[in-house]
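**Student:** Just passing along the structure, written as structure tokens.
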Amino acid sequence: MNDEPIMATNDDASECKRGAVQLGYWQDNYISLFVKQIQRKAPEIHRGYYARVKGVEGFVHKFLKKVGDRAQIVNLGSGFDTLYWRLKDDGVRIANFIEIDFPSVTAKKCYIIKRNKQLLDKIYEQDGEVKLSATDLHAGTYHCIGADLRNIKELEAKFQQAEIDFTSPTLFIAECVLVYVENDCINRLLSWIASKFKSALLINYEMCNMNDTFGDVMLGNLRARGCTLAGIAACKNLESQRNRFLDNNWQGGKAWDMVQIYYALPTPERQRIEKLEFLDEQELLIQLFQHYCICIGWLGSEFEDIDINDPLSDIASESSTSSSQTLRSTKNNIALSSSIASLEFTTQEIHKKINQIEVLLKFLIERDTSPNNIHLQDQMGGIYSKLPLKTKEDVEDLEKVLEEADKNKTLEEILFLIGGETFHKNVYNIMKKLLSPEATALYSGLGRKNKMPFCTLKIYEVIVAAVRRRFPEVADTNIRKSVSLFLATAKDRLKN
């Protein structure tokens, strides 16, 4: 199994977190020490990471409130996570804090810690010592160790080096980690924890509800990056996430999708972050939230009453599964929240928006009536009048036209003139210009579900070129994701 693509997900997640922190979603004084350069992500990504970080934090504090300074925390697949330092800033006392990841990841983390006084000062204890090797670091109550979660014998030996106490209440955290490991290995890991610890809580942030079109798109994008989700079977739904604990000798489990988690976070904070960036793709955010979850499992009766009510939220949770009525209400809430956020501008910002709209209208009028654009349309011949394409034959005709290099460049120029505030919106506008809902339903990004592959067409190459000209910082993989998502939601547009 090639672990390199899995390790690369740490870089992606760390960049997303730093981007969100930089915009003010939450405070983290340390993430910038681990991530130097970032590419700005879409607003729904920032909001998703906010829900992830704050959701996990909420359960961490619930655990700490119950056990106090007896707490041990074990972060499985910790990557460049900064939870230890953030807890120290909050004055939280931890008996033992252990971070585990692939040795190549912990080697980078140890190197960064060693070179940054701001990080070292928090782990150093008076009269204590810092033991540092190529992949491991031991300092007082903090330990960063390189180990493979698939190797229980190695893991137990590393735990002993970190002076873990199997009799103390222990919190395990796993954020998008277990899904990359074979189910048999994770089952062995969970069973081993259940056999060694009598008092424990595990917080798992991961995918769920993956057996639908949106889930297929997510899986396709990850596979395209070389990430094989060996443990995806446990991500079928919330019930399968809960049952994984019960099947491996844990006393109980609960699970909530991220829609529920998001609305269980404090209302004032949600309202604050919703004003940071205008979100024009509410449906995409809802779909993302529906396909991720936080689930918990526990050993020992002291954790069985943990839920997503106060203090994680100022509202109580009614259930760990979403009813259709709750979902409809949530969609309305997200749309309403975004609408409120977009209205709550200062007078100066409103004038700025009006000016932007005036400029955009002027541009659109000039674009559609300018001799240059009319000339470009003429160069495409009769095929331009067929847009949006309605049949497979129309698409094939355009493909033949694009075999000529000059026609290829002409279509790129035409598509480049199509606007959009974000690159997602730009892609959607281009796709709507090119394909009717009927034609869209014939294709998927990579040709799954008995549909024809769209991302192998010359049309797709032209779309990528046009979008990259307007948004040069956007990676081709992100454009492919956006195109694939547009195709995957074709049925919704046909219904409308």
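The values are calculated or read from the model by the stated rules, or taken from the named source; none is laboratory data. Source: prediction; values computed, not measured. Here the Cβ is made from the backbone with ideal geometry for all residues, glycine too, and neighbour counts use every protein chain on show.
**Student:** Scan (1) out of contact with any Asp or Glu (no Cβ under 9 Å at 6 or more places or on another chain); (2) under 30 Å from PRO169 (Cα atoms); (3) in contact (Cβ under 8 Å) with a residue 12 or more places away in the chain for the single condition ASN243 breaks and write down its number.
**Tutor:** Going through (1) out of contact with any Asp or Glu (no Cβ under 9 Å at 6 or more places or on another chain); (2) under 30 Å from PRO169 (Cα atoms); (3) in contact (Cβ under 8 Å) with a residue 12 or more places away in the chain one by one, ASN243 breaks only (3).
**Student:** Among the candidates ILE306, ILE286, single out the residue that is in contact with a Lys or Arg (Cβ under 9 Å, 6 or more places away or on another chain) and within 19 Å of THR489 (Cβ to Cβ).
**Tutor:** ILE286
**Student:** Another question, if that's okay. Restricting region 251-307 to residues that are of a type in the set (Asp, Glu) and assigned to a loop (DSSP other than H, G, I, E, B), which is farthest from ASN204 (Cα to Cα)?
**Tutor:** Ranking the candidates gives ASP280 first.
**Student:** For region 233-250, give me the residue count where each residue is in a loop (DSSP other than H, G, I, E, B) and of a type in the set (S, T, N, Q).
**Tutor:** 3
**Student:** Right, next: Kindly provide the set of residues from region 110-137 that are out of contact with any Gly (no Cβ under 8 Å at 6 or more places or on another chain) and touching a residue at least 24 places away in the same chain (Cβ under 8 Å), ordered by number.
**Tutor:** Within region 110-137, CYS110, ILE112, ILE113, ASN116, GLN118, LEU119, LYS122, ALA134, LEU137 qualify.
**Student:** Would you please list the contacts, defined by Cβ atoms under 6 Å and residues six or more apart or on different chains, that run from a residue in region 248-277 that is small (Gly, Ala, Ser) to a residue that is assigned to a strand (DSSP E or B) and crowded, with 19+ Cβ neighbours inside 10 Å?
**Tutor:** Going by the 6 Å Cβ cut-off, the qualifying pairs are GLY252/TRP298; GLY253/GLY297; ALA255/CYS293; ALA255/CYS295.
**Student:** Select, from ILE418, ILE430, the only residue that is in a loop (DSSP other than H, G, I, E, B), hydrophobic (A, V, I, L, M, F, W, C), out of contact with any strand residue (DSSP E or B) (no Cβ under 6 Å at 6 or more places or on another chain) and more than 21 Å from GLU277 (Cα to Cα).
**Tutor:** Answer to the check: ILE418.
**Student:** Same structure, new question: What number of residues within region 249-284 are among the hydroxyl-bearing types (Ser, Thr, Tyr) and out of contact with any Asp or Glu (no Cβ under 9 Å at 6 or more places or on another chain)?
**Tutor:** 2
**Student:** Moving on to the next point. Filter region 113-137 down to residues that are surrounded by 15 or more Cβ atoms within 10 Å (Cβ to Cβ) and within 11 Å of LEU33 (Cβ to Cβ), then give me how many there are.
**Tutor:** So the count comes out to 2.
**Student:** Can you run down the residue pairs with Cβ atoms below 8 Å, 6 or more apart or on separate chains, where the first is in region 146-171 and assigned by TED's automatic domain parsing to the domain that holds ALA194 and surrounded by fewer than 20 Cβ atoms within 10 Å (Cβ to Cβ) and the partner is assigned to a helix (DSSP H, G or I) and of a type in the set (Asp, Glu)?
**Tutor:** Pairs found: ASP148/GLU154.
**Student:** Take the conditions surrounded by fewer than 19 Cβ atoms within 10 Å (Cβ to Cβ) and in contact with an Asp or Glu (Cβ under 6 Å, 6 or more places away or on another chain) and apply them to GLN39. Does it pass?
**Tutor:** So GLN39 fits the description; yes.
**Student:** In this structure, is VAL105 among the β-branched types (Val, Ile, Thr), out of contact with any strand residue (DSSP E or B) (no Cβ under 7 Å at 6 or more places or on another chain) and not in a helix (DSSP H, G or I)?
**Tutor:** Criteria not met by VAL105.
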